[in-house]
Each structure stands twice: as C-alpha cells, then as structure tokens.
Amino acid sequence: MDRRTFNLGLGATAAALALPTTVKAQPYQGPNVILVRFGGGVRRTETIGETSTYAPFLRHVLTKRGVFIPDMRIAQLDGVDTSHAEGTLNLLTGRYLAYRDAGAKFLQDRLEPTEPTLFEYLREAYDIPSHQALLINGEDRPQEEFFTYGVNEHYGIAYRSEMLSLHRFKLYKTAQIIADGTASDAALAAAQEQYAELMAADPRAITPDQSPEVTAFWQRWRAHYGDDGLRNPRGDRLLTALAARALKELRPRLMMVNYQDPDYVHWGNPSHYTRAIQVIDDGLQWLVETVEADPFYRDNTVFVISPDCGRDDNPLMGVPFQHHFNSRTAHETWAVLFGPGIEQGRVLDKPVDQSAVAPTIAALMGFRARAAEGDVLSEIMT
Ligand SMILES: [Zn+2]
C-alpha cells in the first residue's frame with residue numbers, strides 16, 4: 001500500500017479513530033518544549049568547540065543554563081545512514097531505522113516514520129490541537145513534510161503535527177489566488193502551474209487540509225509579506241521568523257525547528273557552512289528572547305538543541321565536510337537542554353546515544369514514547 005492509498009483509506013475512518021470526542025484526553029499542564037535541530041549536519045569543532053565555535057550564544061551562554069552533553073553519538077548500526085531525514089527521525093522517534101522509503105518519485109531522501117513521533121504521543125496523551133504541535137521546515141525540503149506523522153496503526157494522521165514552511169505557504173497562496181479568480185489571466189495561469197508543481201512534490205498536502213488556525217496564520221503572513229516572495233526572510237532566517245511568529249500566534253506546546261543551511265557545504269564552500277552556523281546561533285538567540293519576553297512561555301519552556309548528524313573531519317577527503325560515508329565524526333553530535341525540570345550548569349561528560357532525546361522529552365512532558373529504544377536521561381532532571 002503506498003502512502004496515498006494509506007491516507008485515503010485512513011481518511012474514511014479518521015474521524016472515528018481520531019478524535020478526542022470518543023476518549024477525552026486530559027488537558028496539558030506540563031512545560032512547553034522547543035526542539036531545535038541544529039541541522040544540515042554540523043561538526044563539533046565549529047559548533048561546540050570552546051575556542052573554535054561559530055555559535056557563541058549556544059556555546060558560551062546556553063550550555064551554562066542547563067545540561068550540556070558534548071558527546072552525543074549516532075549508533076554504529078548496519079543500515080544507519082548519518083543524514084538529515086534519518087537523524088531527524090531518530091530525534092523524533094527515539095529509535096534507529098524507524099522509517100521507510102516513502103516512494104521518491106520527485107525527491108531524494110524521502111522517508112516517512114514507521115513508529116510514532118513525539119507529536120503523535122503527545123497528542124494522544126493530551127488534549128492538544130494540531131496547531132500546537134508544530135514542525136517548522138525549510139523551504140526546499142518538502143520531503144520533510146512527511147515527518148508530521150508516521151504510519152503506525154495506532155497513531156498516525158489523527159495525531160499529526162501541523163507544518164509551517166514556505167512550501168505550505170505557497171500552497172495556501174496559490175490556492176487562494178485560484179479560488180479568488182480575480183487575478184489577471186497570466187497571474188492565474190502562473191498560480192495554477194505553481195499549484196500543480198507543489199502538489200506533485202507532496203500530494204499529501206491535501207490530506208488533510210491545514211487547520212483553520214494555520215490557515216489564518218498564512219492569511220496574516222500573506223498580508224504582512226505579500227505575494228512576490230521578495231520581502232520575507234529566506235533560508236534558515238525564514239525558519240526563525242516562522243517559529244517566532246508561531247510562538248505568538250499559535251501558542252505551540254511542542255515545536256520542532258528544522259534548521260538546515262549548514263548543508264550547503266555539500267556544494268563545496270566552507271564559508272557558507274560557518275556562516276550558516278552563525279545564522280542558526282542568531283536564530284537561537286531570537287527564539288530564547290522571544291520566549292523570555294512572553295509570560296505564556298517564560299519559565300515554562302524547555303529548549304532541546306541537537307544536530308541531525310555530524311560531518312567528516314578527514315583532511316584527506318577531496319571534498320571535506322561530507323556526512324554520508326559513515327566516518328566516526330559523522331556519528332558525533334552533541335545536545336544542550338535547559339529549562340524547568342532540568343539541572344543547571346552541568347556538563348554530562350559521558351557518551352549519550354541520540355536515541356535518548358525523544359524519550360527524555362517525553363518524560364519531561366509527562367508521557368512515554370513507548371516504541372523508543374533510547375534511555376530517559378533521568379539523571380539530568382531536577
Ligand atoms: Zn547533507
């Protein structure tokens with residue numbers, strides 16, 4: 001059964017399966033969690049190296065606020081690729097290889113989770129609407145749209161997260177232009193063409209529609225930035241802008257921000273990589289300040305920051321900084337956690353597996369990630 005068939009089949013029963021009308025989940029009273037993928041694959045040297053970091057806010061400010069785990073590792077297992085979708089799904093499911101190829105016709109690297117994600121566990125345990133379980137994704141990675149829910153029978157679409165990305169905004173915008181029908185013939189034809197392209201990249205976008213709250217979010221975004229795409233921030237700055245605006249307008253209880261731009265180093269320019277790390281560091285500072293300025297989030301929000309994967313450290317490589325060759329450093333990441341319930345000013349100086357992130361977030365939020373294989377890091381909790 002392919003993804004679409006699965007969705008259509010499920011669509012028929014979704015209302016019955018879904019919804020908190022049959023089993024009333026309890027209201028959520030735990031801390032909010034912002035999970036930041038310091039993504040696109042980064043090495044320890046340029047991120048957490050004490051004197052070599054390009055992320056000074058992360059390294060010199062945030063590590064001291066909570067628990068700093070300098071030696072997080074991606075396990076050396078057969079079939080584990082150290083890459084972006086894989087690492088992200090490890091962080092979201094708490095286990096390795098909990099994904100399958102979602103049928104890449106148009107895109108590489110298109111994986112969908114086969115075990116529940118944190119969003120699904122959270123929304124099954126608590127009465128939280130989909131727009132308060134948010135994924136913030138990059139503009140050119142519609143393959144990451146697949147992370148909003150898995151194909152696990154008990155969970156899935158009824159407990160999905162919502163997604164904010166430029167891909168989603170363009171879908172909203174082109175659908176609006178077509179529905180309005182007031183644009184010029186040329187503009188209408190362009191919108192129809194773009195809409196068809198977007199749908200081809202991710203047919204799941206219609207199943208289901210985004211919630212009314214997210215649609216209203218896009219309506220305001222469009223009113224603010226307009227239609228030409230020239231006024232809104234781009235790249236990882238866009239993710240920060242989306243995340244900060246979402247905190248104010250949607251009030252997420254769990255939000256994952258999937259930064260990605262250090263990955264442009266695949267095309268060879270190391271300064272793009274170090275610059276991208278600085279942009280993420282600035283984004284972290286903006287998000288932390290946004291949280292601190294808002295009584296809804298202040299003193300009640302946990303940040304968990306960790307890369308999807310590492311990068312090669314081998315000076316003999318023709319193109320340095322790659323991450324697909326299973327080298328030791330591609331398996332080397334780190335994590336920083338701070339906020340209520342977490343010890344302050346501690347370095348957890350031992351190897352910690354990447355699969356510990358999801359079950360630890362689950363424990364902080366008061367549910368169990370049943371299918372996770374990693375350990376809950378209870379030793380870092382107060
Ligand atoms: Zn990459």
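The values are calculated or read from the model by the stated rules, or taken from the named source; none is laboratory data. Worth saying up front: this structure is predicted, and the values here are computed from it rather than measured. Cβ coordinates were reconstructed from backbone atoms using ideal geometry, including for glycine residues, and neighbour counts include every protein chain displayed.
For this structure, a couple of remarks:
- Residues of the stretch 296-321 that turn out to be within 23 Å of Leu92 (Cα to Cα) and either within 16 Å of the ligand (Cβ to nearest atom) or not polar (S, T, N, Q) (or both), as a count: 10
- Test for Phe338: is it in contact (Cβ under 8 Å) with a residue 24 or more places away in the chain and either within 15 Å of the ligand (Cβ to nearest atom) or crowded, with 18+ Cβ neighbours inside 10 Å (or both): yes
- Checking each residue in the stretch 36-52 for being more than 16 Å from the ligand (Cβ to nearest atom), surrounded by fewer than 21 Cβ atoms within 10 Å (Cβ to Cβ) and not basic (Lys, Arg) picks out Thr45, Gly49, Glu50, Thr51, Ser52.
- Residue that is over 25 Å from Ile74 (Cα atoms) and at pLDDT 70 or above, where the choices are Phe169, Phe106: Phe169
- Test: Ala293 is more than 24 Å from Val80 (Cα to Cα), within 16 Å of the ligand (Cβ to nearest atom) and small (Gly, Ala, Ser): no
One line per residue, one yes/no per condition, for (1) part of a helix (DSSP H, G or I); (2) under 22 Å from Ile136 (Cβ atoms); (3) in contact with a helix residue (DSSP H, G or I) (Cβ under 9 Å, 6 or more places away or on another chain):
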position: Met163; (1), (2), (3): no, yes, yes
position: His167; (1), (2), (3): yes, yes, yes
position: Tyr172; (1), (2), (3): yes, yes, yes
position: Gln176; (1), (2), (3): yes, yes, yes
position: Ala179; (1), (2), (3): yes, no, no
position: Ala187; (1), (2), (3): yes, no, yes
position: Leu198; (1), (2), (3): yes, yes, yes
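- There is no residue in the stretch 265-286 that is surrounded by 23 or more Cβ atoms within 10 Å (Cβ to Cβ) and part of a loop (DSSP other than H, G, I, E, B).
- Only one of the listed residues (Ala363, Ala371) is free of Cβ contacts under 8 Å to residues at least 60 places away in the same chain and touching a helix residue (DSSP H, G or I) at 6+ places or on another chain (Cβ under 8 Å). That residue is Ala363.
- Residues (in a loop (DSSP other than H, G, I, E, B) and of a type in the set (Ser, Thr, Tyr)) located in the stretch 324-362: Ser327
- Of the candidates Phe321, Phe303, the single residue that is in contact with a Phe, Trp or Tyr (Cβ under 8 Å, 6 or more places away or on another chain), assigned to a strand (DSSP E or B) and surrounded by 15 or more Cβ atoms within 10 Å (Cβ to Cβ) is Phe303.
- A Cβ distance below 6 Å, combined with a sequence gap of six or more or placement on separate chains, defines the contacts here; from the stretch 251-272, residues that are more than 17 Å from Gly310 (Cα to Cα) reach residues that are assigned to a loop (DSSP other than H, G, I, E, B) and more than 13 Å from the ligand (Cβ to nearest atom) in the pairs Arg253/Tyr28; Arg253/Ile128.
- Residue that is surrounded by the most Cβ atoms within 10 Å (Cβ to Cβ) [pool: residues in the stretch 240-264 that are within 16 Å of the ligand (Cβ to nearest atom) and in a helix (DSSP H, G or I)]: Pro262
- Residue match in the stretch 199-218 (condition: over 25 Å from the mean Cα position of the chain (by Cα) and surrounded by 19 or more Cβ atoms within 10 Å (Cβ to Cβ)): no
- Selection status of Arg237, more than 19 Å from Arg44 (Cα to Cα), basic (Lys, Arg), away from the ligand (no atom under 16 Å from the Cβ) and within 18 Å of the chain's Cα centre (by Cα): yes
- If you go through the stretch 53-84 and keep only what is in contact (Cβ under 8 Å) with a residue 60 or more places away in the chain and within 16 Å of the ligand (Cβ to nearest atom), you end up with Ile74, Asp81, Thr82, Ser83, His84.
- In the stretch 287-335, of all residues being free of Cβ contacts under 8 Å to residues at least 24 places away in the same chain and hydrophobic (A, V, I, L, M, F, W, C), the one that is nearest to Leu242 (Cα to Cα) corresponds to Ala293.
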